[in-house]
Structure formats: structure tokens, C-alpha cells
1. Whether any residue in the range 71-78 is among the charged types (D, E, K, R), assigned to a loop (DSSP other than H, G, I, E, B) and in contact (Cβ under 8 Å) with a residue 12 or more places away in the chain is what I want to check.
2. Taking the range 50-70 as the search range and keeping residues that are part of a loop (DSSP other than H, G, I, E, B) and small (G, A, S), which one is least open to solvent (accessible area, probe 1.4 Å)?
3. Which residues, taken from the range 95-106, are modelled with pLDDT of 95 or more and small (G, A, S)?
4. For the range 79-94, what are the residues that are outside any strand (DSSP E or B) and not small (G, A, S)?
5. If I ask for residues that are of a type in the set (V, I, T) and surrounded by 15 or more Cβ atoms within 10 Å (Cβ to Cβ), which ones from the range 23-49 would you list?
6. In the range 74-114, how many are among the hydroxyl-bearing types (S, T, Y), farther than 13 Å from D35 by Cα and under 14 Å from the mean Cα position of the chain (by Cα)?
Amino acid sequence: WSEEKSIVVRQVQTQQPGGLTGSTLIAKEFTIEADDSGFRPSSIQVMKGDSIKITFSFIDGNIYYGGLDIKSSVLPTIEYRKGETPSKAVEFTADTSFTFKSYWPASGVKKGDLQVNVV
């Protein structure tokens with residue numbers, strides 16, 4: 001016998017256009033660090049139509065007391081306040097390129113950009 005190994009592939013059940021159900025698409029997953037210095041990495045590239053999951057990992061020790069708001073033109077604002085669970089995820093289907101921007105919530109001072117490039 002040899003050592004047994006397993007590989008886990010995360011899949012998301014989605015509904016295909018036209019009402020076809022039960023199709024499985026593999027979600028493209030990214031973990032992005034966010035703090036007052038911006039995002040790391042500062043850009044990602046995905047294919048149009050991909051199912052995308054981005055988990056923002058907030059580096060609490062590098063965030064001013066008020067926290068961070070992350071805004072974009074296509075998704076609701078993500079609000080992080082110091083002391084909360086340090087990660088928040090968003091899921092969407094890639095349609096067009098856009099930018100996430102982080103701000104201090106109390107003053108509106110912009111802290112960084114994350115470019116999502118859809119090809």
C-alpha cells in the first residue's frame with residue numbers, strides 16, 4: 001500500500017442561463033489582504049462569466065481605529081470595524097472590469113484600490 005492522498009476542489013452550484021439547473025461551475029477563489037496600506041495583491045484577472053469568490057483578510061494591526069469600508073460600482077459596500085471577525089467574503093459572476101476602493105469610514109479618506117480585470 002502507498003500513502004493515500006486527496007485533493008479538494010471547491011465547487012459552487014449555479015443556475016445556467018436559460019434555466020438549466022444542476023450544472024456545476026468551479027468558483028475562482030482569491031484571498032486579498034486589506035489594511036490602511038491598500039490591497040495585496042492590488043489586481044486580479046478573471047475570465048468573463050467566471051464565478052468569483054473574494055475573501056478580504058483584514059490586517060487589524062494595520063488599520064486605523066475606525067476600520068475600513070470597501071466600495072465598488074457593482075457590489076454592496078463591505079464594512080469592517082476593528083475587532084470584528086477579520087475576514088469577509090463576496091461572491092459574484094465576472095461580467096465587466098471594476099475597482100474595489102477602500103476608505104476610512106469616519107473621514108472618507110481613500111486608502112487603496114483593487115482592480116478586478118475581466119477578460
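The values are calculated or read from the model by the stated rules, or taken from the named source; none is laboratory data. Note that the structure is a prediction, hence the values are computed from the model and not measured. Counting neighbours? That spans all protein chains shown, and the Cβs are built from the backbone with ideal geometry, glycine included. What goes into the accessible areas is simple: the full protein's heavy atoms, side chains included, and nothing from ligands, DNA or RNA. Shrake-Rupley method; radii C 1.70, N 1.55, O 1.52, S 1.80 Å.
1. No, the range 71-78 contains no residue that is among the charged types (D, E, K, R), assigned to a loop (DSSP other than H, G, I, E, B) and in contact (Cβ under 8 Å) with a residue 12 or more places away in the chain.
2. Residue satisfying both the conditions and the ranking: G67.
3. We begin by selecting, within the range 95-106, every residue modelled with pLDDT of 95 or more; these are 95-105.
Of everything in the range 95-106, those that are modelled with pLDDT of 95 or more and small (G, A, S) turn out to be S97, S102.
4. Once the filter is applied, which keeps residues that are outside any strand (DSSP E or B) and not small (G, A, S), the range 79-94 yields R81, K82, E84, T85, P86.
5. Matches in the range 23-49: I32, I44, V46.
6. 4
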